[in-house]
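Taking it in order: structure first as structure tokens, then the write-up.
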Amino acid sequence: VQLQASGGGLVQAGGSLRLSCSASGSIGDINALGWFRQAPGKQRELVSHITTDGRTNYADSVKGRFTISRNNAKNTVFLQMNNLKPEDTAVYYCHADLWPNIPQHSWGQGTLVTVSS
């Protein structure tokens, strides 16, 4: 599975951005699509995931501000990020969960989100 992400950029605190990620290849192997992020000096962390049947989960830090959605026909996942905060600044990585296949994970290239105060 190959993932192509887009939509990062620079925004002021309180602003919004929308990330997109398109999947190609062995689409049938995908259980869930979503986003991780990694801030400078920190570990990569889960932001949000959405399963093929539409179940979603969010990190506590983004609940109520971020919304994940999926266009199954286009194999694309979106992350609408509202009320952005400086602590949301990170490189965001699109992720596909391919369990029980090996490798289990597929990653897209990172897209940088910078939120200025």
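The values are calculated or read from the model by the stated rules, or taken from the named source; none is laboratory data. Note that this is a predicted model, so its numbers are computed, not measured. We place every Cβ from the backbone using ideal geometry, glycine too, and count neighbours over all the protein chains shown. With ligands, DNA and RNA removed, areas are computed over all heavy atoms of the protein, side chains included. Shrake-Rupley method; radii C 1.70, N 1.55, O 1.52, S 1.80 Å.
How far, in nm, would the chain grow between Arg55 and Gln104 when pulled straight, counting 0.36 nm per residue and subtracting the alpha carbon separation?
Here the segment from Arg55 to Gln104 would lengthen by 15.7 nm.
For the chain, set up a GNM with springs between Cα atoms under 10 Å and report which of Ile102, Ile27, Ile68 has the largest fluctuation.
Looking only at Ile102, Ile27, Ile68, the largest GNM fluctuation is found for Ile102.
Which whole-number percent gives the relative contact order of region 1-89, counting Cα pairs below 8 Å spaced six or more residues apart?
32 percent
Return the sequence-ordered ³J(HN,Hα) values of region 68-75 in whole Hz as given by the Karplus equation 6.51 cos²θ - 1.76 cosθ + 1.60 applied to θ = phi - 60°, using x for Gly and Pro.
For region 68-75, the Karplus curve yields 9, 9, 9, 10, 5, 5, 9, 6 Hz.
Can you spot the lysines whose alpha carbon is less than 27 Å from Lys85's alpha carbon? Ignore those fewer than 8 places along the same chain.
Lys42, Lys63
Using a Gaussian network model on the chain with a 10 Å cutoff between Cα atoms, which of Asp88, Asp97, Asp53 fluctuates the most?
Asp53
Once phi is turned into ³J(HN,Hα) by the Karplus curve 6.51 cos²θ - 1.76 cosθ + 1.60 with θ = phi - 60°, what whole-Hz value does each residue of region 28-34 show in order, with x for glycine and proline?
x, 7, 7, 8, 8, 10, x
Report, to the nearest whole %, how much of the accessible area of the chain belongs to carbon and sulfur atoms, 1.4 Å probe, protein only.
Summing carbon and sulfur atoms, their accessible area is 49 percent of the total for the chain.
Give, as ranges by residue number, the residues of region 93-115 whose backbone N falls under 14 Å from the point 7 Å along Cα→Cβ of Asn31.
96-106
For Phe36, Phe66, give the ranking by accessible area with the largest first, probe 1.4 Å.
Phe36, Phe66
Under a Cβ-Cβ cut-off of 12 Å, what is the net charge of the residues other than Cys21 that fall near it, where Lys and Arg count +1 and Asp and Glu count -1?
+3
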